[in-house]
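Notes to accompany the following structure.
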Amino acid sequence: MSDFVRVVEVAPRDGLQNEATPVATADKIALVDRLSATGLRSIEATSFVSPRWVPQLADAAEVMAGIARLPGVSYPVLVPNEQGYARARAAGATEVAVFTAASEAFVQRNINTTIDASIERFAPVMARAASDGVRVRGYVSTVLGCPYQGAVPLADVVRVARRLHALGCDEISLGDTIGVGTPRRAREMLLAVAAEVPIAALAVHFHDTYGQALANVAACVEAGVRVADAAVAGTGGCPYARGASGNLASEDLVYMLHGMGIGTGVDLEALAATGRWLCERLGRANGSKVGQAMAGA
Ligand code: HMG
Ligand code: MG
């Protein structure tokens, strides 16, 4: 198996949105700039959600103003509604991501609405993005289980993914928000969605709560997906998803993909060094096995 997987680095957004202790804006900017230097092509830089809901990322505009954007690297940001879109554009964002979920209970807690209403809310964002030439990614959360509802029918995942795609999202990221999935189920979920949305337009986003994220992504890459989200040092979690712990660590993903003969364009040494730097800044343990191993090597 030889080819290329695009790693979407989400630590500056997913990684930092759930940190208990405040992170200085300068450190957020330094994180994005360090990640930019590793060869990553997509770095989710921050989030223009309500600062009351996610105070950790209230400085989104300052982060966007401070980062050095490299040519060939995209810096998408999360937006939940038109207000977020306007803020993101004013801050210079040229790519955005909208987000909803396959389970009603989670959408209610995370964005205070229903699945249908969330998608209706995206329609004017999509229209503005189309006329601005802004690329829009769409996230579907809780694809393998919901912290409030429990099991999530596959048909619901497929339906929401299909709607986001039909609305104009050119990439749909399928999120195992609370990391409960296992490889066979992850693969089944991916293939069920791929029957309705071209697999080239799909990405996978695994949290590692139960230690399954790397196995899940391996199963999905073998099934044909070529975009995978991850967060350096295994940071991450959603403040509105009980039990959501860190994302799949980017270092572990890149090490595995390179070992499978799949290119990423990422300099693993530089990525691992960034992970260690981030852990020092956050005063937390490194959630990447590869990062730990390379530190001891
Ligand atoms: P609401 O309270 O229902 O919103 O929240 P509202 O429209 O009634 O507005 C209430 C107040 O918020 C108003 O201010 C608005 O102006 C303001 P007030 O008049 O009271 O002073 N407001 C905003 N301010 C700044 N930027 C905005 C914005 N929108 C409204 N964009 C809302 C609804 C969607 C805003 C809220 O629920 C929210 O921001 N939720 C975000 C939650 C979140 O960020 N979760 C984490 C990201 S999702 C995730 O992590 C999963 C993912 O990683 C994939 C996976 O793992 O599965 C992507
Ligand atoms: Mg996430």
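The values are calculated or read from the model by the stated rules, or taken from the named source; none is laboratory data. All values reported here derive from a predicted model rather than from experimental measurement. Quick reminder, even Gly has a Cβ in these numbers, built from the backbone with ideal geometry, and neighbours come from all protein chains shown. With ligands, DNA and RNA removed, areas are computed over all heavy atoms of the protein, side chains included. Shrake-Rupley method; radii C 1.70, N 1.55, O 1.52, S 1.80 Å.
Quick look at the numbers
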quantity: Hits in region 52-64 - residues which are open to solvent by 50 Å² or more (accessible area, probe 1.4 Å), outside any loop (DSSP other than H, G, I, E, B) and within 16 Å of ligand 2 (Cβ to nearest atom); calculated: Gln56
quantity: Flag if Gly237 is under 12 Å from the mean Cα position of the chain (by Cα), within 16 Å of ligand 1 (Cβ to nearest atom), open to solvent by 10 Å² or more (accessible area, probe 1.4 Å) and of a type in the set (Gly, Ala, Ser); calculated: no
quantity: Single residue of region 256-281 satisfying the filter (assigned to a helix (DSSP H, G or I) and among the acidic types (Asp, Glu)) that is farthest from Glu9 (Cα to Cα); calculated: Glu280
quantity: Residues (surrounded by 23 or more Cβ atoms within 10 Å (Cβ to Cβ) and either away from ligand 2 (no atom under 15 Å from the Cβ) or outside any loop (DSSP other than H, G, I, E, B) (or both)) located in region 6-22; calculated: Val7, Val8, Glu9, Ala11, Pro12, Arg13, Asp14, Gly15
quantity: Among residues of region 104-125, those that are within 11 Å of ligand 1 (Cβ to nearest atom), assigned to a helix (DSSP H, G or I) and exposed (fewer than 15 other Cβ atoms within 10 Å of the Cβ), counted; calculated: 1
quantity: Search result, residues across region 282-297 that are out of contact with any Phe, Trp or Tyr (no Cβ under 9 Å at 6 or more places or on another chain), in a helix (DSSP H, G or I) and either surrounded by 15 or more Cβ atoms within 10 Å (Cβ to Cβ) or of a type in the set (S, T, N, Q) (or both); calculated: Leu282, Gly291, Gln292
quantity: Odd one out for Thr46, checked against (1) closer than 18 Å to Leu167 by Cα; (2) in contact (Cβ under 8 Å) with a residue 12 or more places away in the chain; calculated: (1)
quantity: The one condition in (1) more than 16 Å from the chain's Cα centre (by Cα); (2) over 20 Å from Ser245 (Cβ atoms) that Ser74 fails to fulfil; calculated: (1)
quantity: Residue satisfying condition, being surrounded by 18 or more Cβ atoms within 10 Å (Cβ to Cβ), farther than 19 Å from Leu248 by Cβ and hydroxyl-bearing (Ser, Thr, Tyr), within set Thr25, Thr46, Thr38; calculated: Thr46
quantity: Selection status of Val49, modelled with pLDDT of 95 or more, over 21 Å from Ala233 (Cβ atoms) and within 16 Å of ligand 2 (Cβ to nearest atom); calculated: yes
quantity: Lone qualifier among Arg137, Arg128 - being open to solvent by 60 Å² or more (accessible area, probe 1.4 Å) and either outside any loop (DSSP other than H, G, I, E, B) or free of Cβ contacts under 8 Å to residues at least 24 places away in the same chain (or both); calculated: Arg128
quantity: Restricting region 240-281 to residues that are open to solvent by 30 Å² or more (accessible area, probe 1.4 Å) and within 16 Å of ligand 1 (Cβ to nearest atom), the residue that is nearest to Thr209 (Cα to Cα); calculated: Ser245
